[in-house]
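Step one of this worksheet: look at the structure below.
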Amino acid sequence: QQPVQSPQAVILREGEDAVINCSSSKALYSVHWYRQKHGEAPVFLMILLKGGEQKGHEKISASFNEKKQQSSLYLTASQLSYSGTYFCGTEMGNAGNMLTFGGGTRLMVKP
Amino acid sequence: DTGVSQNPRHKITKRGQNVTFRCDPISEHNRLYWYRQTLGQGPEFLTYFQNEAQLEKSRLLSDRFSAERPKGSFSTLEIQRTEQGDSAMYLCASSLMSSYNEQFFGPGTRLTVL
């Protein structure tokens, strides 16, 4: 079942912060975050495993609440280059399975 | 090594024709995934391989779609008797099987069925 992302879209001024949320109705093994710019492939940002391990981009942080099966991506001091569509991909069972992606959050950062 | 590559980048075909796409994963990656993405939506899983073995195929995938990964290296995705609804971006991703399973995507093949 597809995870639900919120908000669907957000507009920021450069330097502002944003939080993007991803919720699943199923028990998850991991949550993966990607950013996609128009016409390009999704770019890996971060992965969070149940149990608290995570790995990813130095300037981006995220959390994973296993109890609620929710993940949040925190974008602080946004830059123009942060603009794009952010997708969460959820992985169930164990490592190595396919990802089920949410509908995306469109982020626009203005000068 | 520059990452996952896909060919062709764009394909325009007429309804009813067959098309084949190729994906070359990152060289040491043993898992390879195919996804499809339509405008404004997130990628949708199609199938995936571990080495040469196809481990899972989406229930939504028509039998007109077939994929293979001979010798566990590159993979091909074939669509037979294309329909207009097949128009989409076809994305390939690869990963090195581990606890993290980070999937790295290729640039995709954009298919337009006329």
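The values are calculated or read from the model by the stated rules, or taken from the named source; none is laboratory data. Here the structure is a predicted model, which means the values were calculated and not measured. Here the Cβ is made from the backbone with ideal geometry for all residues, glycine too, and neighbour counts use every protein chain on show. Remember, those area values only see protein heavy atoms, side chains included, never the ligands or the DNA or RNA. Shrake-Rupley method; radii C 1.70, N 1.55, O 1.52, S 1.80 Å.
Proximity of backbone amide H atoms, modeled 1.01 Å from N, is registered between B:Leu55 and B:Tyr48, B:Phe49, B:Gln50 at under 5 Å, excluding neighbours fewer than 5 places apart on the same chain.
Per-residue mean of other chain beta-carbon atoms within 10 angstrom of the beta-carbon, peptide A:36-43? Display every interim value, and only then the final one.
Values: counts 5, 0, 0, 4, 3, 14, 10, 2.
What the average comes to for A:36-43 is 5.
Here the accessible area of chain A is 49 percent carbon and sulfur, with a 1.4 angstrom probe and all protein chains present.
Mind giving me the FRET efficiency for B:Asn51 and A:Thr76? R0 is 30 Å, r the Cβ-Cβ distance, nearest 0.05 is fine. Before the final figure, lay out the partial values.
On the way: r = 40 Å, r/R0 = 1.35.
It comes out at approximately 0.15.
Here the 3J(HN,Hα) profile of the range B:11-21, calculated from phi with Karplus coefficients 6.51, -1.76 and 1.60 at θ = phi - 60°, is 9, 10, 9, 8, 3, x, 7, 9, 9, 9, 10 Hz, Gly and Pro shown as x. In this rough spin-label picture, where each label sits 7 Å from Cα along the Cβ direction, the B:Thr38-A:Gln2 distance is 0.9 nm.
How much length is gained if the chain between B:Arg22 and B:Phe74 is pulled fully straight, taking 0.36 nm per residue apart and subtracting their Cα-Cα distance, in nm to one decimal? Mind dumping the intermediate values first?
Details: separation 52, 0.36 × 52 = 18.72 nm, distance 0.71 nm.
That works out to 18.0 nm of additional length.
Peptide A:23-34 has a mean of 1 when you count, residue by residue, the C-beta atoms of other protein chains within 10 Å of its C-beta. For chain B, averaging the sequence separation of C-alpha pairs within contact (under 8 Å, six or more residues apart) and dividing by the residue count gives a relative contact order of 37 percent.
For the cross-link pairs A:Lys37/B:Lys57; A:Lys37/A:Lys110; A:Lys37/A:Lys68, the ones whose C-alpha atoms lie over 18 Å apart are A:Lys37/B:Lys57; A:Lys37/A:Lys68.
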